Structure formats: C-alpha cells, structure tokens
Amino acid sequence: FFWMDLLGTLSMAFEVSYLLGTSGQIKENQSTVDTLVLRSARAAKMGARVGRLSKTVKCLANVQKHSDSGSDSCPDDVRVISRKLMLTLSTKVSLLALALVLVTPLFQLLLYPEDDFSMRAWTQRLEVEYERSALAKAAVLAFAPNVVSSSFPEAWQKELNRTSGTFESAVKEMVDFYKGVTYFPYLLEGFAEEVDMDGQVITMPGQTQLTGVEPQRRENIVYQRVERCLLDRIGCNSDLKAGIYFDFTQPKKMEAAMDICLIVFMLGVMLLCTFDLSRTLDIIVIGPLQRIMGNLRKMTSDLMAEVSKVQHATHGDGDDDPWDLQVSEIKLLELVLQKLANLSAIFMQQNVVNKEEMAAMSLEGRGVLLDMMQFGFADERVSHIPTESIASVLQAVETVSWKMTTEKTIINSWALDLLQIDIEEIDDIASYIFFDSAVGQRAGRACAGPATFQNFVKVVKARYTNQPYHCYTHAVDVLHTVYRLLSLTQSDKWVSEVEQYAILVSAVAHDIGHFGRTNPFLVETQHELALLYNDKSPLENMHCASLFEICSQPGSDIFKSLGHDNYSKARKVCILTILHTDNAHHFEMVKDISKIYELAKASCDVQACEQSLSQAYVEEVMHKNHLMWLQLFLHLADVSNPLKPFHVTEPWAHRVLDEFFDQGDEEKRLGIPVGMLNDRDKICRPASQHGFINFLVAPLVFATVRIFQPLLPLAEQMSDNLASWQQLWIAEMQPVPEEVAKRDADITKVRDEVRQLDERATIEMRLVRCEGSWDTRRISIAVPLGSTI
C-alpha cells in the first residue's frame, strides 16, 4: 500500500495544468467543486496508510529474532499494548488531520475563488441591458417608422441615444470592474451589434468594445454563459446561449505553482509519518512482542526440548547459529497452528467411530455409544448386497421394461419430457430405471422383484392426487433426475447398492399425497398435519410416513427382500432425503455444501479435470459425506425443472404457478395473508422464474457443481433458461430499460460463474499434501501441473 500511495501522490503531478501544454478544454464556470480540496483529501488518505508495508516487513523480521534478555522480562498484556497503540496512533492521526486542515487552505490564499459570482452577475446584467436597449430602440422606431433618426425631434433623439447607449455603458463598466484583478473578460459572444426585431434591423453598439487577445492555452479560458436568453436572437436562443470569455492565464499559473507546493508538502508529510510510525511501532509493539515470544518459548519447553534434540543431532554440541533460532520460532508457530487444528477438528467432529476403535472398547462403552448416544460407524461406506442375492434375482429376471418405446438415449439424457408421454409408458420408464439401467441392474434387482415393484408403483400412483405439479408424473421426473445424478457422479464408487436403491424409492414417493398446499399454508391454517408434526415439515413427514405405511402391506413391501441391517439403512436414507426436500432446509444445505467444498477444495479442484474418481476425492469428499450427497440429489432433483431444456422447463413452471395461484385463491377466501408467489393478479410468470432461478436454484447448483464437475451442463442450461425467461418477460411486460439492465446484470453474473466453473476443468491440477512434523494430519493443496510451490 505504501508504494501504491507514493505512486498515487506522484501522479498528482499530472494534474498540474501547465503539463497539458496548449491543449486542454475551455472550462465553463458551472462547477462548485474545489479540486484542490479533493486532491488534499486524497493525499491525506494516502498519508494515513503510509508505512503499512514497511511495518509489516519489520514485524516479520523481528518475530524471527530472539533476545535472551527478553525472556527475563515480564510480558505486557496484549490488551494493554492494543490500547496503548490505539491511543498513540489515534493521537498522531488526529494531529496529522489537524495539520492538514490548517495547512492545506494556505495553498489557496493566492488563488482566485472557484465560485466567482461576479462573472455570472455581469453576464446576466449585460443580457438585461441588451434586452432593454433593444426593446426601447424598437419602440421608438415603431412609433415613427418612416422617419429617419436624424429628423427625430430633439427629445426623441436624446431618448434614442440614451436607450441605445445603456448596453455599451454596461460593457465599459464591466471592463473597468476587472482592471484590478488578474483575470478579465476579453470577448463577448451572442451580443451582436445588429439585431433583427420584427423585420427592423436595430444597431446595438457594445460588442466591439471588448476585443482582447485569446490566451494561447485553452485551459486558461473560462466561459460564462447566460442562464436565460431574455431576447431571442441569433446567438442566444433555445439552442445557444450568449456568454463572456475570460482570460485566466495568471490565476492558472498560480494554481500550478500551488499544486507543486502541495505535492512537495504531502511527500514530506509521508516521509515524516513513516519515520514517526516506525519509531512508535518499535516502542509499543516490537519490544513487547519480543518479550511475549520469549515467555511463549518457556511455556512450550517440551517442544523446545524435542527441537533441541534434532539440532544437536544435526549440528553437534556447538553454539546455536541464527538458523537454529529461526527453526525454533517456526516450530513455535507450528504448535500454535496445531492448537487451531485441534479446535477445528472438534468443531467438525461427527457422531461416528471406526470399527477398530469400537473393537477396542468394553461392552459397556460400546453400549453407551451405540445405544444411548446413537453413534454410527465411520467405515460404513459402500456395503454391497450379498453376491448370492444378486445372482438369484438376475437369473429370474431378464428385461423388465420390454414394453418401453422411449429411446434409451433419451432416458440417459436431460431431454426426457415426461409431460409428452402417456402414463403407461411412464410406468415402463420407471421400471427401466429400477431394473434395466446400469444403476438398476446393480441396485434395484438386488433389492426387489418386478412383481412387488409393480404393486408398489400401483399403490403409490393411486395415492398421488391430480395436482398440476405435485403429481405422479412429477415423481417419475424426479426419479429420472436422481438416476441421472447417480450415473454421472459414478455413485457405485462411493455409495452402497442399498442406499442407491433407497434414494430411487424416495424419489418415487417423495410427494405421496401432496394436495397442492405449502407447509406455511398448513401452519397458518392449523391444518391437522401441522398439528400432528408440530409445524416441522408437515408435508414431508406425511410423505415419508405414507411411504412406509404402503411398505407395511405384504403385496407392496418394496423392502421385504432386505435383511434387518439393510432395511434400517434404507429407511434412514428415505427419511433423511425426503425430509430434506422441504425448502426450509435449502439455504442451510447450500451452506453445508459450501463448507465441505472449502475443507476439501484441493481434492475437488483436482477431480474437476479428471474422468475417473481419485482416491483422495472418494476418501475426503464422497465417503465422509455420502448421506449429505443423497439428500442433495433428491432436493436438487425436486427443483431441477429450471435445469432442463427450455421446452421441458416452461410447461413445468406454468404448472407449479397454477398450483400456487390455486392456493392464493383459497388464501383470499380464508382472509389470510396471500403468499408472494400466489397472487395471480400480481405475479408475472416469467418474472417469477427469474427470481426462483436467481435466488434459490443458482446458489444450490453452483455449490453442487463445485463438488461434482460432471453436473456442469445443468448450470449451463440454467443460464440459458434464465435468458429465455427474460425474453418472455420483456415481451409480456415491456419493462423500462433500468429494470432490463438489472436483470441483464443477474444473467451476466450467472454466466460468469458458469464460465469460471468451466475453466476450472481445463487446467490440469495435481494434489500436493503438506505434512507437519508434529502430527499425522495433512493439508492438501491443488497446484497446476509443472508448477512448484
């Protein structure tokens, strides 16, 4: 900052007017801004920050020094040092500010006033006198139009001479007025000596009285316009304004000299402040810091002993050299960082233990953790269904969805439009995903038979109501999206078959029984579901309970092939994922995903440019948070309509708005507050989609793509859809340019984020692990291939 401030102060020299030569622009006397004050304020700001860089360097240099005498001194309390430093620096800054306030105006003593009202007053007076003279002379001529002026009676002739000479006299008075100052008028413009009034040419002497020499430098010219033309004429009308040109050559020379003096003064202030602040920092900070470091070394004697052993082993028993002392300081800082790492580990601790730790515990200890505190195993990653079970199902079933007519390439893309497909074909697509797709063959067939699945789907389909949006077609659309997410993220590498199966079941059942009303509506109307579930996600609790109520029936128990442990695991996934489809958890989920990315940023950035999953990525990101990713997939799929091609997106958007509007009509009938998106009389459909994407969907998608780079096409399609909705909004609402500009800025921001995520995949990275000698913990960073740290 110091060098930037110094460069900024020196750059003020380029504002000295004489450096412009004969170029520049004529200044109009309209501004009320004191440029000298502005420059002084900027220089004062620079002076307030001066020396920051040098102080930082000096602190770092002194931290590495060790003084034996410092260890014997009593350390100053950090708060005392802080107060003393604050008091001292604030006093110095106050004195500096006071000095600037008192000294800076001195550079203006010899300058002309920036707001010279005399120029404006003379311009207006000349305009008034010009109009008065012209009108009076026109009146006399109009009274005797056929009489030459030499034949006028003597009284008329005197009046004519008096009125025509008023303007000329005013010009002479103005010239005399400015004889005592360093600036003066030299040219009139728009006050012609002949003016045409109603066909009569009237002579108005006066303009030729002011015939000065134009300054060589246009920067020295100030032009004062009249505020309003009192007499409409050539040179002063609605388009042009008459005015006076003033020569400011001498004031500009003085201004340039004062600018140079100000620069020299500010440089001197900066040098003085640098010296004074350096001395203050030495007295208040550096000395106490040395004593604090000495006492800190005494409190970490065990660490110093280990370092001492290493030093003796390396250098023998000789005296410590400066490098030895530097290493000791670094070890000391490592200990502090270790404490911070321990605190972070406590903050991030989860209720899990690994199997080795559990095996080493007593029976009572395991009982406390598992039964009372409900801890889980950290090693529960990808637990496969027994091989015998998979083989038996595959032998009994070949192709389940043999009636399906939809192309598999369509199903394995984002272009599937279920609204254009009949209900029987939708059932076949669900069967394909559960049994014949890659995910279905390794998960669905291992957990259920086709007959049970078809009975389950039949009951589930009957439980869905005929809502515009929350219907059975929506459920299968979410199922298809979850299937695509599992496929693109290579889920078989980080989640078990049971959990993959459970998330597919959750997708089909996540909105069972939805009747087109939102959770806030149920709470507001004290609906029985809100009372039953204590206002906590009443709809999602109902969906989840309905799922397991269906599965309690023998013919539709889709989990009946699972053993006890696998059933518990599947039930846990269903409950967690369905309950997290409540949008009340949305921003908390975005925040949690962002935390995970920041903690594992290196692994995620390296994985972004790789096709196969790396071991570090699987261990540090996927396994540790696999339940979070299942929750994310179902929630993302539930709000994924803006991520599909626009011909798929648009009808779904209209359906959800129809549902909102129906609720809004009921809210009006009940006399309760109408939801912001529920009033059909106020909401613009395309505008609502802009807000939905920009504020709700985009943050979730960007956070997701940072973890899962293969999902980038969803973000790209979302960006395109945002622009498409804007075009519809413009066509429907005809908004003002300011509103269009605001939405253009939103779209640009989204596209920039997409571009950055795309560019991340084009830079090949490598993962570098930095290990501390005090612990086995590792810090991973991502660096471009071929670069060094």
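For the stretch 468-605, what is the number of Lys pairs with C-alpha distance below 21 angstrom, counting only pairs 8 or more positions apart or on separate chains? Numbers along the way, then the final one.
Numbers: K493/K569; K493/K572; K493/K601; K536/K572; K536/K591; K560/K569; K560/K572; K591/K601.
The number of close lysine pairs in the stretch 468-605 is 8.
Gain in length, T211 to D276, computed as 0.36 nm per residue apart minus the alpha-carbon separation, to one decimal in nm?
17.7 nm
Could you check how many percent of all C-alpha pairs in the stretch 418-516 are farther apart than 15 Å?
Beyond 15 Å sits 58 percent of the P(r) for the stretch 418-516.
Apply the Karplus curve 6.51 cos²θ - 1.76 cosθ + 1.60, θ = phi - 60°, to the phi angles in the stretch 466-476 and return the couplings in whole Hz, x for Gly and Pro.
Computed from phi, the couplings for the stretch 466-476 are 8, 8, x, 10, 7, 10, 5, 4, 4, 4, 6 Hz.
Using a 7 Å offset from the Cα along the Cα-to-Cβ direction at both Q441 and E739, what is the distance between the two label points in nm, to one decimal?
A separation of 5.4 nm, rounded to one decimal place.
Under a point-charge model restricted to the Cβ atoms of Lys and Arg (+1) and Asp and Glu (-1), what is the dipole moment magnitude of the stretch 462-610 relative to its Cα centre, in debye to the nearest 20?
The dipole of the stretch 462-610 has a size of about 120 debye.
All other residues with a Cβ under 11 Å from the Cβ of A475 taken together, and with Lys, Arg as +1 and Asp, Glu as -1, what is their net charge?
Here the charged neighbours net out to -1.
So for each of 614-626, 730-742, 407-419, 167-179 I average, over its residues, the number of other beta carbons within 10 Å; can you give me the resulting order with the highest mean first?
Working: 614-626: 18.8, 730-742: 11.0, 407-419: 14.5, 167-179: 16.2.
Ranked by mean Cβ neighbours within 10 Å, highest first: 614-626, 167-179, 407-419, 730-742.
If you place +1 on the Cβ of every Lys and Arg and -1 on the Cβ of every Asp and Glu, how big does the dipole about the Cα centre of the stretch 658-731 come out, in debye to the nearest 20?
240 debye
With r defined as the distance between the Cβ atoms of D422 and Q727 and R0 fixed at 22 Å, what FRET efficiency is calculated, to the nearest 0.05?
Working from the Cβ atoms, E equals 0.10.
In the stretch 487-590, which trypsin sites (Lys or Arg not before Pro) are in a loop and have at most 16 other Cβ atoms within 10 Å, using DSSP for the loop call?
Passing sites in the stretch 487-590 are K536, K560.
Got a number for the accessible area of D752? Probe 1.4 Å, square angstrom, nearest 10.
Roughly 60 Å² of D752 is accessible to a 1.4 Å probe.
Given the whole protein assembly as supplied and a 1.4 Å probe, what does the accessible area of R120 come to in Å², nearest 10?
70 Å²
So if I take the centroid of the Cα atoms in the stretch 652-675 and the same for the stretch 176-209, what is the distance between those two points in Å?
74 Å
What trypsin sites (Lys or Arg not before Pro) in the stretch 196-280 are in a loop by DSSP, with at most 14 other Cβ atoms within 10 Å of the Cβ?
Sites meeting the loop and neighbour criteria: R228.
Quick one: give the max-minus-min coordinate of the C-alpha atoms of the stretch 514-564 along each principal axis, largest first, in Å.
The principal-axis extents, from largest down, are 42, 21, 13 Å.
The values are calculated or read from the model by the stated rules, or taken from the named source; none is laboratory data. What you see is a predicted model; the values in this text were computed from it and never measured. Note that each Cβ is placed from the backbone with ideal geometry, even for glycine, and that neighbours are counted across all protein chains shown. Areas reflect the complete protein model, heavy atoms only, side chains present, ligands, DNA and RNA absent. Shrake-Rupley method; radii C 1.70, N 1.55, O 1.52, S 1.80 Å.
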